[in-house]
Structure formats: C-alpha cells, structure tokens
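Notes follow the structure.
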Amino acid sequence: MLPRQSTRNVFANNLLRLGQVEVIGFDYDYTLCHYTEELQRLIYNMARDAMVHDVHICLFVHAAYSVHKLRYPHALLGALEYDPSFAIRGLAIDTEKALLCKISSHQKLSYTVAQACLFADVIQFFTDHDIAYEPRAVHEDIESSIAEVHTSGKMHKAVVQDLPLYMEPNTQLRELLSRFQVQNA
C-alpha cells in the first residue's frame, strides 16, 4: 500500500526547465480555486429544483437533441435538504439496486457529495411515499440536473454574486504563480 500524500503536495518532473516552457495550464476547479462546503449545498439545491421545475436539453452524438421535463414531485422541494455529513467524495452509485458504495480509489469514480446525497434523498423520498422508481432513471435524471446546473450558468452566476460564501481564499496562489512567471522570464 502506498503512503498517503498530502493534498498540498506538488509533483514535478525535476528535468523540466521552466525557462523553456511557454505555457503552463491549470485546472481551475480545486487547483486554482478552492471551494467552501456551501458550493455542494448550492449544487444540491439547484439540481433538486431542476428535477421539479426545469426543462432539460439533452445532447446526443451527431448534434441531435431531446428536450424534456423531468416532472419530479413538488414535495421534493420542501422534503429534501442537503446533509454535508451524509456522504463522502468518491462513492459509486449502484443504479440497479439504488445503493451507494465505497469502492477502491483506483476505479476513478468520483461522484460529488451533492450528487450522492441527492440520489440517496430522492430514493428515500420515493420509498417513504411508495412511489415506484427505476434507480438507473433517477441516477440519469440527477446527472442531467447537475449538468444543467453547470451548463446553464446558474451555478456560476450564484457563485460570482457571493464569492466569499462559495470560495476559500488561496493565500499561496499568488506566490506560486509569481514563481512560475519569474522562472520563465
């Protein structure tokens, strides 16, 4: 078993001469930008609301698309509440049995906490209210709703309107980027 690595570690190729590098690319989410727990709550709430209210546009191969409304019960809005302590990142969803599973980290499945929590809450709501459901369909609808939250720009607009609520300051980012810039001067 490999030893645990700090999330603050940066792994590098020691033979790389930054003076010869013209462009360095970074993944924005969770690399340059660190988010607070409130972002998962926002995604959960927006995806839940989208399952009840929004029309979804699904794109398929060769630019064909389908427009549909999911039509989940309005009662979901008052009944489902995000619980940040419920799930952990990296859970897998069994879409045949409606279960959340922790699997090996090598499987590369990484559902967000909001997605896992919403899946469990919707399944529990349907079970409690004797509503028939197909776990795979619920999973696909949640994925579609979360994609809609991201691609519609709604989430990004909410984040920009209240940056301190959703983003954690990265005190070392300026120094890191400055060092890269100096190395390439």
The strands (runs of 3 or more DSSP E) lying entirely within segment 1-100 that contain at least 2 residues which are at pLDDT 65 or above are 91-94
Among helices (runs of 4 or more DSSP H) entirely within segment 107-173, at least 2 residues that are modelled with pLDDT of 85 or more and buried (at least 16 other Cβ atoms within 10 Å of the Cβ) occur in 113-128, 135-151, 154-161
Cβ pairs under 6 Å, 6+ apart or interchain, first in segment 170-182 and under 15 Å from Asp27 (Cα atoms), second of a type outside the set (S, T, N, Q) and surrounded by 11 or more Cβ atoms within 10 Å (Cβ to Cβ), ordered by first then second residue, are Asn170/His34
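The values are calculated or read from the model by the stated rules, or taken from the named source; none is laboratory data. Given the structure is predicted, the values throughout are model-derived calculations rather than measurements. Here Cβ is always computed from backbone atoms with ideal geometry, including for glycine, and neighbour counts include all displayed protein chains.
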